[in-house]
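Asker: Attaching a single structure in structure tokens format; questions to follow.
The values are calculated or read from the model by the stated rules, or taken from the named source; none is laboratory data. Every value quoted in this text rests on a predicted model; they were computed, and no experiment measured them. In this analysis, Cβ positions are derived from the backbone assuming ideal geometry, glycine residues included, and neighbour counts consider all displayed protein chains.
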Amino acid sequence: MNRIGFTVVLLVALGGPVGFAQGATEETVVLMFDGKHCDAYLGQVESVLKKVAGVKAVDMKSMKGHAIVTVEGAKTDSSQLIQAVSGVKGDGWYCTAQVMR
């Protein structure tokens, strides 16, 4: 096997291009929060967002009143994220979310 062929086989075996292709499906969703007492429940909001299937990371600190959520594109729909936030303390009164476009 020549040197180039060996390098390609080694990269694939170690998850090189395959791992890179899997990472390419990540998306960032920015949620804006609203609600009478949303600030009081941000810890719980972060916790429920992390439990949604396909969520890889939640950043609640970079933008006040927002969450920057990293998701695996095919596994998570933005409506699932919105539903999770609304369910923290009841439907819509305490904290709601909408996707920033």
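Asker: May I ask you to list the residues in the range 43-61 that are hydrophobic (A, V, I, L, M, F, W, C), under 20 Å from G73 (Cβ atoms) and free of Cβ contacts under 8 Å to residues at least 24 places away in the same chain?
Answerer: Once the filter is applied, which keeps residues that are hydrophobic (A, V, I, L, M, F, W, C), under 20 Å from G73 (Cβ atoms) and free of Cβ contacts under 8 Å to residues at least 24 places away in the same chain, the range 43-61 yields A57, V58.
Asker: Restricting attention to the range 1-44, report how many residues are modelled with pLDDT of 55 or more and aromatic (F, W, Y).
Answerer: Final tally of qualifying residues: 2.
Asker: While we're looking at this one, here's another question. Looking at K51, is it over 17 Å from V30 (Cβ atoms) and exposed (fewer than 15 other Cβ atoms within 10 Å of the Cβ)?
Answerer: Considered against the rule, which asks whether it is over 17 Å from V30 (Cβ atoms) and exposed (fewer than 15 other Cβ atoms within 10 Å of the Cβ), K51 comes out as yes.
Asker: State whether the residues of the range 45-62 include one that is modelled with pLDDT of 90 or more and more than 14 Å from the chain's Cα centre (by Cα).
Answerer: Among the residues of the range 45-62, at least one is modelled with pLDDT of 90 or more and more than 14 Å from the chain's Cα centre (by Cα), which makes the answer yes.
Asker: Here's a follow-up. So which of T70, T96 is polar (S, T, N, Q), surrounded by 17 or more Cβ atoms within 10 Å (Cβ to Cβ) and touching a strand residue (DSSP E or B) at 6+ places or on another chain (Cβ under 7 Å)?
Answerer: The conditions single out T96.
Asker: For the range 26-95, please list each of the strands (runs of 3 or more DSSP E) lying entirely inside it that holds at least 3 residues being among the charged types (D, E, K, R).
Answerer: The qualifying strands (runs of 3 or more DSSP E) are 26-34.
Asker: If you don't mind, there's one more thing I want to ask. Here is a list of conditions, (1) surrounded by 18 or more Cβ atoms within 10 Å (Cβ to Cβ); (2) of a type outside the set (S, T, Y); (3) under 23 Å from K36 (Cβ atoms), and I82 meets all of them except one; can you say which number that is?
Answerer: I82 satisfies every listed condition except (1).
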